[in-house]
Amino acid sequence: MMELPLYANIEEVSADALGCRACGRAETRAQVVFGAGNRDADLMIVGEAPSATDDSTGLPYTGPAGEVLDELLAEAGTQRDAVWITNLLRCFEGRRRDGRLENQPARTSEIRACSRWLNLEIQYVKPRVIVAMGSPAAHALISPEFKLTEQRGTAHRRSDGTQVIATTQPAYVMRLVNLADRETAERERERLVADLQRAVELATGPA
Ligand code: SF4
């Protein structure tokens with residue numbers, strides 16, 4: 001059931017979220033990274049969790065992955081200012097692997113704890129279409145059984161009428177480039193743009 005509105009607007013939701021301590025990431029973050037963008041957007045992008053750069057800027061999808069996302073959005077016919085960008089989780093946690101700092105994958109308990117804020121963002125922004133970036137977002141927004149490799153790019157209607165399209169993360173394309181697998185990276189990039197284009201068409205087309 002849809003939550004009853006407890007806030008006057010999305011800014012009030014954001015102000016409340018900034019003090020959230022509902023999961024362990026309250027101890028690892030520098031600050032809460034709430035969603036940002038156009039509060040009347042027809043298209044919402046949902047990733048997994050803020051990056052280390054986001055943790056210092058306080059905005060989602062900043063740094064290298066954000067630059068790639070901006071390019072992909074432009075190729076798909078939209079831009080950051082026209083959409084609402086957020087994540088399943090609103091706090092950063094890093095882990096060291098092979099001497100490098102990387103994002104700690106979202107834990108199921110954290111996704112459950114932070115779903116309150118995501119549901120409120122969806123409730124207040126009221127997007128027509130949501131792009132779930134990566135398997136965790138697709139599992140949370142479509143179904144735990146969703147298979148990104150087989151079902152990406154197809155629209156799934158939620159009970160609230162919003163359509164969800166799942167695709168891969170911009171960071172995946174970056175990883176392929178770093179592995180010098182340029183051919184696969186280019187192919188993956190084209191598929192990601194095609195998924196975003198489909199989402200833009202659905203969000204801007206007839207209801
Ligand atoms: S990740 Fe979400 S639930 Fe956890 S402390 Fe941050 S805002 Fe709260």
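State all residues of the stretch 14-42 that are surrounded by 14 or more Cβ atoms within 10 Å (Cβ to Cβ), within 28 Å of residue 205 (Cβ to Cβ) and out of contact with any Gly (no Cβ under 9 Å at 6 or more places or on another chain); if no residue qualifies, say none.
Within the stretch 14-42, 35, 37, 38, 39, 41, 42 meet the criteria.
If only one of 164, 173 is β-branched (Val, Ile, Thr) and either over 16 Å from the mean Cα position of the chain (by Cα) or modelled with pLDDT of 95 or more (or both), which one is it? Steps first, please.
Numbers: 173 fails: either over 16 Å from the mean Cα position of the chain (by Cα) or modelled with pLDDT of 95 or more (or both).
Just one listed residue meets the conditions, 164.
Given the conditions (1) more than 14 Å from the ligand (Cβ to nearest atom); (2) under 30 Å from residue 187 (Cβ atoms), which single one is not true for residue 104?
Among (1) more than 14 Å from the ligand (Cβ to nearest atom); (2) under 30 Å from residue 187 (Cβ atoms), residue 104 violates only (1).
Do we have any residue at all in the stretch 154-166 that's within 18 Å of residue 78 (Cβ to Cβ) and in a loop (DSSP other than H, G, I, E, B)?
The answer is yes, given that some residue of the stretch 154-166 is within 18 Å of residue 78 (Cβ to Cβ) and in a loop (DSSP other than H, G, I, E, B).
If we only count helices (runs of 4 or more DSSP H) wholly inside the stretch 1-85, which ones have 3 or more residues that are modelled with pLDDT under 95 and either of a type in the set (S, T, N, Q) or more than 16 Å from the ligand (Cβ to nearest atom) (or both)?
Details: elements: 10-17, 52-57, 63-75.
Qualifying helices (runs of 4 or more DSSP H): 63-75.
Name every residue in the stretch 104-150 that is in contact with a strand residue (DSSP E or B) (Cβ under 6 Å, 6 or more places away or on another chain), closer than 23 Å to residue 11 by Cβ and assigned to a helix (DSSP H, G or I), in order of residue number.
121, 125
The values are calculated or read from the model by the stated rules, or taken from the named source; none is laboratory data. The shown structure was predicted, so the numbers you read here are calculated from the model rather than taken from an experiment. Glycine also receives a Cβ, built like all others from the backbone with ideal geometry; neighbour counts cover every protein chain displayed.
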